[in-house]
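So the structure is just underneath, and the comments pick up after that.
Where a number appears in this text, it was derived from the coordinates with a stated rule and is not lab data. All values reported here derive from a predicted model rather than from experimental measurement. Please note: Cβ atoms are built from the backbone with ideal geometry, for glycine as well, and neighbour counts cover all protein chains shown.
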Amino acid sequence: MEYEDLEPRVSALEQRVSDLDSRVRASEQDAAAARVLAGGADRDVGEVRDELRAFRQAMTTGFNALRADFIDLHAHVDQKFELIDQKFELVDGKFELVDRGFAEMRGKLDAAAAGQQQIVGLLETLIGRGTDPAN
């Protein structure tokens with residue numbers, strides 16, 4: 001009795017082993033495909049990492065060059081402002097000379113006006129006495 005249903009059981013077992021064998025092969029193929037994809041992804045990540053490193057290096061180089069340009073420009077502007085300050089000092093010096101000249105002329109004009117006022121006063125005194133100044 002045990003041997004009577006042995007053959008269908010063995011056939012069923014063989015069928016299951018065949019199914020399992022197919023599934024194992026499919027899993028092996030899936031695993032191989034996954035390894036290929038993972039290798040490609042790893043290469044892609046490496047390339048992206050290299051590109052990012054190159055980009056970062058280019059940006060750093062660009063920023064350093066820009067910084068150097070700003071430093072040079074700052075020095076140039078400082079130099080120009082020093083020259084401008086020197087020019088203003090020269091102009092201020094010339095204005096001081098002009099101011100002194102005006103003050104000197106004002107003093108002379110005030111002295112001349114005072115002298116003229118004395119002359120006017122003397123003339124009025126002479127006129128008041130009835131004396132002819134031409135004599």
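Below, the figures for the structure above:
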| read-out | value |
| --- | --- |
| D5-A34 FRET efficiency (beta carbon distance; Förster radius 30 Å; 0.05 resolution) | 0.10 |
| Rounded to 10°, Cα long-axis angle of helix 6-129 versus longest principal axis of the chain | 0 |
| Size of electric dipole in the chain: Cβ of Lys, Arg +1 and of Asp, Glu -1, about Cα centre, debye, nearest 20 | 1180 |
| Global geometry of the chain, whether rounded, prolate or oblate, following the gyration tensor of its Cα atoms and the 1.5 cut on a/c | prolate |
| Set of aspartates and glutamates with alpha-carbon distance to K87 below 17 Å, sequence-local pairs under 8 removed | D78, E96 |
